[in-house]
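The values are calculated or read from the model by the stated rules, or taken from the named source; none is laboratory data. As the structure is a computational prediction, the values presented were derived from the model and not from experiment. All Cβ positions, even for glycine, are placed from backbone atoms using ideal geometry, and neighbour counts span all protein chains on display.
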Amino acid sequence: MSAVDVKPVDSAEEKKEMPPKKLSSLFHLLSYLKPYKSRWMAAMAALLFTASLSLLMGQGVKLLIDSGFGEGSLALLNQAVLVLLALAVFMALGTFIRFYLVSWLGERVSADIRTAVFNHIVTLHPSYFETNRSGEITSRLTTDTTLLQTIIGSSFSLALRSSLTTVGALIMLFITNGKLMLIVVGCVPLVLLPILFYGKKVKRLSRASQDSIANVGSYAGEIIQNIKAVQSYTQEQQEKSVFGSHVEEAFGIAKSRVTQRAILMAAVILLVFTALSVMLWVGGSDVINGSMTAGDLAAFIFYALMVAMGVATVSEVFGDLQRAAGATERLIELLEVKSLITAPIISADANALPAELAFKQVSFNYPSRPDEPALKSFSLVLPEGQCVALVGPSGAGKSTVFELIQRFYDPQSGLVTLGNKDIRELSPQALRQQLAVVAQQPTLFTSDVATNIRYGRPNATDEEVVEAAKAAYAHEFISQLPNGYNSFLGEQGVRLSGGQKQRIAIARAILKDPRILMLDEATSALDTESEFKVQKALERLMENRTTLIIAHRLSTILHADTIAVLDHGQLVAQGSHEHLLKASALYAKLASYQFKEQSA
């Protein structure tokens, strides 16, 4: 696993020990705001406009009291009220513009980040997903980006507006009455202390809370995906108990985070309004003594309340910003993962190379099992246009051969070549375009039949899709589905039988029309009649193609040009069926006990 790979956090102790996250990580979001410079500048202008109007409201209050109430003039009172109403109208208009633009930016940036993360994930090497759970990655892709949308579209705007109005109100306080301003300024350090103290705890717990929620989602996803196994082994109660413990663990962490935030908010509000009470006592004394007007005191109270509400809002939003910082770091971690499978700067033309594959002294260990060699000094040639069958006991390395041909991994030593060209000199996409794989457990997507077949060639016409299905002997059962080729197959094709799934996968491979065909016991799930039909389709498909077959049935390999016998990651024998029966004790044993048909 690379140095930047994301390691899932599985225990509460590990979560609590994680270092606190810095708000500076939010600066990563600036690159996603750059394309929308005009919009966020307009949003900032609207924010400044509404903040300025909020400050002018204090002067309107002063005018209302001193000129309206103080002078006892109905005309001046009407004038003051009209000024306040005009300010309110303009503030409403500015708030509408600010709210719309900031919310739009939140949705847009969240969508852009989600797209960027997904686009990066699909290019990562498969070994990354061996060491990182799909549920954890999905949580980052969905939950974390949704959190960022809320922060950018709401909390950040509130924090910025409150900060501006607080600073502006402090300035107006100083202009209105310097003595009272000193009281407010003297109380600021007291208000900041709980923010600094509890803020660190909130930061740490925010990241731990996000990780715990990711664990809950990951566990639930795994159980739902394997629900048949859960029910088959009657483990419903066990899974309920384990899931409940995960939920309670997440709740416990969330409760700690909420508690710290509640203490932070309560402490700030208590200190702020205590300072306001002292200020009101001093200001009221000055009004009674005649050293300041009632309008000045009212304006001062207005600005002081604005400062109090601003500080309270910032302290409340501060926790959200900490959560956003944690979410941003989790997403940045994903974006910074480097794929171990990279394309060369200049890629050779795979289409111009002969469709001959070769393994030359290849040794390979899976990253997740570094001490267990999957292949050892393995050499094998697959001549162009010929069919080679791989046989061997479980764990012999047959599937590993398939993985290396597709360059899901690179060997630690030796070469895998296409047309005598190291496949590392080809772009992975160009290499894989030469291949089509039909797996023992075929992969189907949550979509309709036509989309699953067309996955082999997205630009194929409907007629070509039908022809491929006919060639795979799948057209008959597809036509009997409720909506034919538009029938929805359910998650992972759950509505089809095993044999039907494989015929869909074979149709997909036929439609792709590859130069190299790879079959992982492609007929294992078929009944005798279907196997005969599909075998005929595969024989036509294999004509003039380089074909590699992983076989457990004797009928599957009888037509192979050569059979390679693997054991413990090594090639131990190679030849025809008749030759290997005599020359290889392992092959003779496999033919007797593992093949589903007896040898002739």
Only unsatisfied item for T131, checking (1) among the β-branched types (V, I, T); (2) within 30 Å of V278 (Cα to Cα); (3) modelled with pLDDT of 70 or more, is (2)
Assess whether S25 counts as being modelled with pLDDT of 80 or more and of a type in the set (G, A, S).
no
Hey, L380 hits all of (1) of a type outside the set (D, E, K, R); (2) outside any strand (DSSP E or B); (3) under 23 Å from A588 (Cα atoms); (4) in contact with a helix residue (DSSP H, G or I) (Cβ under 9 Å, 6 or more places away or on another chain) but one; which does it fall short on?
(2)
Filter segment 327-342 down to the residues that are among the β-branched types (V, I, T) and under 11 Å from L124 (Cα atoms) and list them by number.
V337, I341, T342
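Taking N486 as the residue in question, decide whether it is under 33 Å from the mean Cα position of the chain (by Cα) and among the polar types (S, T, N, Q).
Answer is yes for this residue.
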Tally time: how many residues in segment 456-474 are hydroxyl-bearing (S, T, Y) and surrounded by 19 or more Cβ atoms within 10 Å (Cβ to Cβ)?
1
Residues in segment 443-455: is at least one under 30 Å from H568 (Cβ atoms), within 26 Å of the chain's Cα centre (by Cα) and surrounded by fewer than 16 Cβ atoms within 10 Å (Cβ to Cβ)?
yes
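Suppose we filter S347, S377 for residues that are modelled with pLDDT under 90 and surrounded by fewer than 18 Cβ atoms within 10 Å (Cβ to Cβ); which single one remains?
Answer to the check: S347.
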Please list, ordered by first then second residue, the pairs with beta carbon atoms under 9 Å, 6 or more apart or interchain, first in segment 574-600 and of a type in the set (S, T, N, Q) and modelled with pLDDT under 85, second outside any helix (DSSP H, G or I) and surrounded by fewer than 16 Cβ atoms within 10 Å (Cβ to Cβ).
S592/Q598; S592/S599; Q594/P393
Just checking: which of the strands (runs of 3 or more DSSP E) contained wholly in segment 541-591 hold 2 or more residues that are farther than 27 Å from A436 by Cβ and hydrophobic (A, V, I, L, M, F, W, C)?
570-575
Given the conditions (1) surrounded by 19 or more Cβ atoms within 10 Å (Cβ to Cβ); (2) touching a strand residue (DSSP E or B) at 6+ places or on another chain (Cβ under 6 Å), and given that P428 satisfies all but one, which numbered condition is not satisfied?
(2)
Pairing a residue in segment 415-429 that is more than 15 Å from P354 (Cβ to Cβ) with any residue that is of a type in the set (V, I, T) and at pLDDT below 90, where Cβ atoms lie under 8 Å and the two sit 6 or more apart in sequence or on different chains, gives P428/I341
Residue check: is T274 within 45 Å of the chain's Cα centre (by Cα) and surrounded by 13 or more Cβ atoms within 10 Å (Cβ to Cβ)?
no
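Yes or no, residue by residue, for (1) over 22 Å from L538 (Cα atoms); (2) in contact (Cβ under 8 Å) with a residue 12 or more places away in the chain:
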residue: A450; (1), (2): no, yes
residue: Y455; (1), (2): no, yes
residue: E467; (1), (2): no, no
residue: A472; (1), (2): no, yes
residue: V494; (1), (2): yes, no
residue: P514; (1), (2): no, yes
Contact list, first residue from segment 255-269 and more than 15 Å from R323 (Cα to Cα), second anywhere and of a type in the set (S, T, N, Q), beta-carbon distance below 7 Å, six or more apart or interchain, is L264/S315; M265/S315; V268/S315
Before we move on, is T123 at pLDDT 75 or above, outside any helix (DSSP H, G or I) and over 14 Å from A43 (Cβ atoms)?
yes
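Just one of L141, L105 is closer than 26 Å to H246 by Cβ and in a helix (DSSP H, G or I); which is it?
Details: L105 fails: closer than 26 Å to H246 by Cβ.
It is L141.
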Being outside any strand (DSSP E or B), modelled with pLDDT of 90 or more and either of a type in the set (A, V, I, L, M, F, W, C) or touching a Cys at 6+ places or on another chain (Cβ under 6 Å) (or both) is the filter here; which residues of segment 383-407 pass it?
V401, F402, L404, I405
Kindly indicate whether any position in segment 410-418 is of a type outside the set (F, W, Y), in a helix (DSSP H, G or I) and at pLDDT 90 or above.
no
Looking at A312, is it touching a helix residue (DSSP H, G or I) at 6+ places or on another chain (Cβ under 7 Å), modelled with pLDDT of 75 or more and among the small types (G, A, S)?
no
Being in a helix (DSSP H, G or I), surrounded by fewer than 18 Cβ atoms within 10 Å (Cβ to Cβ) and within 29 Å of the chain's Cα centre (by Cα) is the requirement here; does K255 meet it?
yes
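Does any residue of segment 160-182 turn out to be of a type in the set (F, W, Y), out of contact with any strand residue (DSSP E or B) (no Cβ under 6 Å at 6 or more places or on another chain), closer than 30 Å to F300 by Cβ and modelled with pLDDT of 75 or more? Reasoning before the result, please.
Within segment 160-182, the subset of a type in the set (F, W, Y) is 174.
Now drop any that are not out of contact with any strand residue (DSSP E or B) (no Cβ under 6 Å at 6 or more places or on another chain), which leaves 174.
Narrowing further to those that are closer than 30 Å to F300 by Cβ: 174.
Adding the requirement that they be modelled with pLDDT of 75 or more leaves 174.
Scanning segment 160-182 turns up at least one residue that is of a type in the set (F, W, Y), out of contact with any strand residue (DSSP E or B) (no Cβ under 6 Å at 6 or more places or on another chain), closer than 30 Å to F300 by Cβ and modelled with pLDDT of 75 or more.
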Neighbours by Cβ (under 6 Å, 6+ apart or cross-chain): first from segment 126-137, closer than 19 Å to D410 by Cα; second modelled with pLDDT of 75 or more and aromatic (F, W, Y)
P126/F408
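Among the residues of segment 457-478, is there at least one that is more than 23 Å from Y366 (Cα to Cα) and under 26 Å from the mean Cα position of the chain (by Cα)? Before the answer, list the steps.
Filtering segment 457-478 for residues more than 23 Å from Y366 (Cα to Cα) gives 457-478.
Within this subset, residues satisfying the condition of being under 26 Å from the mean Cα position of the chain (by Cα) are 458.
Checked segment 457-478: at least one residue is more than 23 Å from Y366 (Cα to Cα) and under 26 Å from the mean Cα position of the chain (by Cα).
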Could you check, for segment 463-480, whether at least one of its residues is among the polar types (S, T, N, Q), modelled with pLDDT of 75 or more and part of a loop (DSSP other than H, G, I, E, B)?
yes
